[in-house]
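Structure first, commentary second.
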Amino acid sequence: MTALRQIAPEPVPAEVAAGPELDWLLASLQSNRFMPHPPPDSIFVGDGDYRAIGAEFLGHFIRIGRLKPHERVFDIGCGIGRMAVPLTQYLDPGRGSYDGVDPVMEGILWCAQTITPAYPRFRFQRLDIAHPLYNPQGSLPGIEVRFGFANGSFDFVTMTSVATHLPPEELVVYLQEAARLLAPGGRLFLTAFAIDGSSTGQERLSFKRWQDGPGWYAIDEAPLAAAGIDSRFLLEQAAQAGLAVEALRPGHWRGISAAHYQDLLIATKPGGKGPGGMA
């Protein structure tokens, strides 16, 4: 069984102070019954409480990722809008924007029909990316992915529970695309199971190395259902893509106290006027 020691190549920046306004917003997102919510029996909702997890991650985006209301967000693997819905209540309707992509048509249709009419700066598109679990008949190999946006189109790119379903060679492509799409000063917010060989003995998942490469898996029958990645490989590939890694924060999947379940990588596109500022 393996786990991750916290890796912080540079001093970890302090989290943005919550403040009563943010606390109120996050609480209201969980209790507001008028907020969009997919059918409870949808197989694309994922584990856990839809509203609670969405509110949790909005808090992480703001406190850890330094997301600002005026920024342009790109959500890779947007699913059925778990991140998009809370962002509708935070992003500035005139200056902020959101684009989400996913290979699963049902989730994209629900988002486009439910969220976009009320929030026209929230856009969703399906990419027919092949994946053995989520889109086995997909026409686009993961190693050939190129998102259809110009260089520097976004200030904030999130990959939430995406790296945990990708083989290493595809993760490399996604990191390169994230770096290409970020404007100077923009941030990548990526969750992962980053493996470095240490163990607490309390991990919720037990990973095995995939052959001799940097990939790991926890479920024999479906290796990409919970995929891990060598932490050193992840850091090296982020740097090679042109990103400056700020921190790799450990998650509580390993049986420790943490604010988030998966490990969290924060990386910045060099340049710009400072954290969270406009380039």
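Here are the numbers for this structure:
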| read-out | value |
| --- | --- |
| q = 0.13, 0.21, 0.27 Å⁻¹, the range 190-251: log10 I(q)/I(0) [Debye, one scatterer per Cα] | -0.37, -0.89, -1.25 |
| Helix-only CD estimate at 222 nm, as mean residue ellipticity for the chain, using -39500 (n - 2.57) per DSSP H run (n ≥ 4) | -7000 deg cm²/dmol |
| Max mean-square fluctuation residue, GNM over the chain, Cα-Cα springs under 10 Å, options GLY81, GLY107, GLY48 | GLY48 |
| Most mobile listed residue (LEU67, LEU87, LEU205) in the chain, GNM with C-alpha springs under 10 Å | LEU205 |
| Mean projected area in nm² (Cα convex hull; one quarter of hull surface) for the range 46-121 | 4.8 nm² |
| Selected from ILE115, ILE195, ILE219 as most flexible by GNM, with the chain as the system and alpha-carbon contacts under 10 Å | ILE219 |
| Computed P(r) (all Cα pairs; the range 89-182; 5 Å bins; percent) | 3, 12, 20, 24, 21, 13, 6, 1 |
| Rg followed by Dmax, in Å, when the chain is reduced to its Cα trace | 17.7, 50 |
| Loop GluC sites (Glu not before Pro), the range 169-256, which have at most 13 other Cβ atoms in a 10 Å radius of their Cβ (DSSP) | GLU221 |
| P(r), alpha carbons of the range 126-251 - 10 Å bins starting at zero, rounded % | 12, 43, 34, 10, 0 |
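Just so you know, all these numbers are worked out from the coordinates, no wet-lab data involved. No experiment lies behind these values; they were computed from the predicted model shown. Every residue, glycine as well, gets a Cβ built from its backbone with ideal geometry; the counts of neighbours run over all protein chains shown.
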